[in-house]
Every structure is written in structure tokens, then in C-alpha cells.
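Before any comments, here is the structure.
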Amino acid sequence: MRSKLGEAHALLKVVQAECAALERATLDAADQPDARRRAVECVSGRRIVYVGGRPNSNAVLKSPVGAAGGELIVHDGGIEDRKGLLAAALPDADVVLFPVDCIDHDSMNMLKRVCERHGVAYSPLHTASVASFVEFVARLTASTQQRRVSGPPPSAFCLRHG
């Protein structure tokens, strides 16, 4: 019973984070015309590979990423797209995303192994919804802003002695 309660609380936190991210994005877009662009500017110059998902929501995800100067490569996991195309796209990716509700366990494990082999970051998304993607971008934006505030990492070398 306690484990079920813990799972329910974890799910509730994820859904609340997704709702909050969507609400912030919607309010920002209503208040400021260029807020949509700023909300996704952290993906500028990045190549995101999105594996799985639903065709209707996948098309919606490409638009803001492309408008921000990023690239979103969508692969259905081998249903219509060849699996070889996926293996070729992963090494050049900055991050790989996959919704856990629209990908099988074998494909997910293969993705994780290939990403680890090539040193590519990956992140499972709770669902194949636009909300999960927006929440990921919000987390990415927050971590990018935090790195900017904290400044560059300290040098491993002494600037005076090398």
C-alpha cells in the first residue's frame, strides 16, 4: 500500500511539473510576443533526437525547436523509419529523448546503451505529450541559466604556472 502511495505521489509530482511548465509557457506567450522564442532558445544550435511518440504531437514539437535554431530529429523507433537511421543519428545528437509510454523496453535499453557508448545525454519523458517535452525544455532552460549565473567552471590548470 505504501509503495502504491509513493508511486502515486511521484506521478503527481511529474504531472504537476508538466502542468506548471505549460502554464508558464502559455502565460509568457500571452504577455510577451517573443516569449515563445526565448522559452526554447536553449535548444538553439542543438540537435535533439526524439524517439517514439505520436505523429500528431511530434509534428507540433518540431516547429518551436526549428524556430529557435535547433534541430529536432524524430524517429518512430523502427515502425516506419529504418532502425539504421536511428543508429546513424545518435552519435551527432546533443540529447536523445524518448517517451516511456510510446517505446518498448528493448528499444529503450538499446538507446541507453548506444547513448552511453557515444557519450550522448539522454532523458526519458513521462509521456509522448507536448507537456512532457515543454517540461524537459523548461528544465534544460533552467540548467542553462544556472550555468550562466555560476560562470564558467574553474580551470584545471594554474593560469600562472600552467
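Laboratory data are not the source of any read-out in this text; all were calculated from the coordinates shown. Small disclaimer: the values here were computed from a predicted structure and weren't measured. As a convention, Cβ positions derive from the backbone with ideal geometry for all residues, glycine included, and neighbour counts pool all protein chains shown.
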Label-point separation in nm, VAL14 to LYS62, each point 7 Å along Cα→Cβ:
2.7
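Can you figure out the FRET efficiency of ASP106 with GLU7, using R₀ = 22 Å and their beta-carbon distance, to the nearest 0.05? Working shown, then result.
On the way: r = 23 Å, r/R0 = 1.07.
So the FRET efficiency works out to roughly 0.40.
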Taking the Cα-to-Cβ direction at ALA88 and at SER123 and moving 7 Å from each Cα, how far apart do the two end points lie in nm?
2.8
Theoretical FRET efficiency, 1/(1+(r/R0)^6), r = Cβ-Cβ of GLU116 and ALA142, R0 41 Å, to 0.05
0.95
Could you list which residues have their amide H under 5 Å from that of ASP76, counting only those 5 or more apart in sequence or on another chain, with H placed in the peptide plane?
GLY52, ASP81
Which of the peptides 7-15, 51-59, 100-108, 119-127 is most tightly packed, and how do the rest follow, judged by the mean count of other Cβ atoms within 10 Å per residue?
51-59, 119-127, 100-108, 7-15
Amide H of VAL95 versus every other amide H placed in the peptide plane: which residues, excluding those fewer than 5 positions away on the same chain, fall under 5 Å?
ARG47, VAL49
